[in-house]
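Encoded as structure tokens, the structure appears first; notes follow it.
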Amino acid sequence: MERPAWAPRSIDISVPSVSRMYDFYLGGSHNFEVDREAARKAMEFMPGLPKIMQANRAFMRRAVRFAVEEGITQFLDVGSGIPTFGNVHEVARQAHSGARVVYVDHDPVAVAHSKAVLEGNDHADVVAADLRKPQDILASPQIERLIDLNRPVALLLVAILHFVEDTDDPYGAVAELRGALAPGSLLVLTHASYEGIPLPQERSEGAVDVYKDIRNPLIMRSRDEIARFFEGYDMVEPGLVPMPKWRPDTAPEDEDPYSFSGFAGVGRSA
Ligand SMILES: C[S@@+](CC[C@H](N)C(=O)[O-])C[C@H]1O[C@@H](n2cnc3c(N)ncnc32)[C@H](O)[C@@H]1O
């Protein structure tokens, strides 16, 4: 298989990757046939997967604009993925010219492509690190250079926590990150759930099994389990809701039924 310039030598391009499958669902071009094959298999069970991803990106952009309206100009986006249309630094910079963004991902293609997109940008950078090791993120030179932890930050954990198994203590990792943030910071989160998917659970389980097969299990959590990530934070109105219902720009009734799968919310630290 030919290796394009954006694929670092270190990666095994015969194994599907979650971030490249996500890039495929969103219509991006940073994916290989193995990724497309796995994504198509998941879509045989849940044809609406791309609609879910689009609703997720649309929520993320609304939440970034909301954060800027709240006076927040620093963004820490963990599990940022392969840059695609309407990235956090673009949306944030459009809303506030001084906005600063640190992206974090553990996927080498996501990191390499982010580096390429951000070359020469003094307001945004990327860290190759794992959410399960919050200290690696917090102690990174990129955070040191771009983020003032004494001022509020918007921490984005968008479509990442459902890839962290309970045995890896996602609640502990999130608590550690939250603990490093100044009062008034925001936690912006989306998470997959069986709740809201317009299909019988057996069908969606088929899609979940595809991720199990590629050794990146998708951990579906209940609304209550997802709400626990916000412990100690006050939920911003309208709370933890299906993605199209969070401060929509357009009528949620016009959205595809799949976009109501899973949950989105923003919390504020006291
Ligand atoms: C579905 S994508 C979401 C991308 C972006 N946040 C969005 O919502 O559009 C999930 C990303 O999380 C990354 N990821 C998964 N587990 C991670 C971990 N433990 N540490 C860092 N990144 C992780 C994956 O590599 C992937 O790029």
How large, in percent, is the carbon and sulfur part of the accessible surface of region 1-95 at a probe radius of 1.4 Å?
51 percent
Counting only C-alpha contacts under 8 Å and six or more residues apart, can you give the relative contact order of region 96-171 as a whole percent?
29 percent
Please work out how much accessible surface H162 shows to a 1.4 Å probe, ignoring ligands, DNA and RNA, in Å² rounded to 10.
20 Å²
Hydropathy first: keep DSSP H helices in the chain averaging at least 0.5 on Kyte-Doolittle, then drop any whose Cα extent along the axis falls short of 24 Å, and list what survives.
none
By average C-beta atoms within 10 angstrom, highest first, the peptides 2-10, 94-102
94-102, 2-10
When only alpha-carbon atoms count, how far does region 78-135 stretch along each of its three principal axes, as whole angstroms with the largest first?
31, 22, 19
Regression test value, accessible area per residue of the chain, probe 1.4 Å, units Å², expected 45 Å²
Stokes-Einstein D in µm²/s, Kirkwood radius over Cα pairs - the chain at 37 °C with 0.692 mPa s viscosity
176 µm²/s
Helical contribution to [θ] at 222 nm, DSSP H n ≥ 4, -39,500 (n - 2.57), averaged over the chain, rounded to 500:
-11000 deg cm²/dmol
Computed over all unlike Cα pairs, the Kirkwood hydrodynamic radius of region 13-86 in Å stands at 13.6 Å
Just the number, please: carbon plus sulfur as a percent of the accessible area of region 151-214, 1.4 Å probe, no ligands or DNA/RNA counted.
49 percent
At q = 0.14, 0.30, 0.31 Å⁻¹, the log10 of I(q)/I(0) for region 165-215 from a Debye sum over equal Cα scatterers comes to -0.60, -1.15, -1.17
In region 199-256, the GluC sites (Glu not before Pro) that sit in a DSSP loop and have at most 15 other Cβ atoms within 10 Å of their own Cβ are E231
Using the Cα atoms as the points, what is the convex hull volume per residue of region 26-166 in Å³?
122 Å³
If you average the sequence gap of Cα pairs under 8 Å that are 6 or more apart and divide by the length of region 1-108, what percent do you get for the contact order?
25 percent
Run through every distinct alpha carbon pair of region 100-159 and return the Kirkwood hydrodynamic radius in angstroms, one decimal place.
12.0 Å
Which order do T250, T167, T190 take by accessible area at a 1.4 Å probe, largest first?
T167, T250, T190
Most mobile of A192, A116, A124 per a Gaussian network model of the chain (Cα springs, under 10 Å)?
A116
Loop-located chymotrypsin sites (Phe, Trp or Tyr not before Pro) in region 135-198 whose Cβ has at most 10 other Cβ within 10 Å (DSSP)
none
For the chain, built as a Gaussian network whose Cα springs stay under 10 Å, the top-fluctuating residue of G86, G232, G120
G120
Percent relative contact order of region 60-112, based on C-alpha pairs within less than 8 angstrom and at least six residues apart?
43 percent
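The values are calculated or read from the model by the stated rules, or taken from the named source; none is laboratory data. As the structure is a prediction and not an experimental result, all values here were calculated from the model. Positions of Cβ are backbone-derived with ideal geometry, glycine not excepted, and every protein chain shown enters the neighbour counts. The area values use the complete protein model at the heavy-atom level, side chains included, leaving out ligands, DNA and RNA. Shrake-Rupley method; radii C 1.70, N 1.55, O 1.52, S 1.80 Å.
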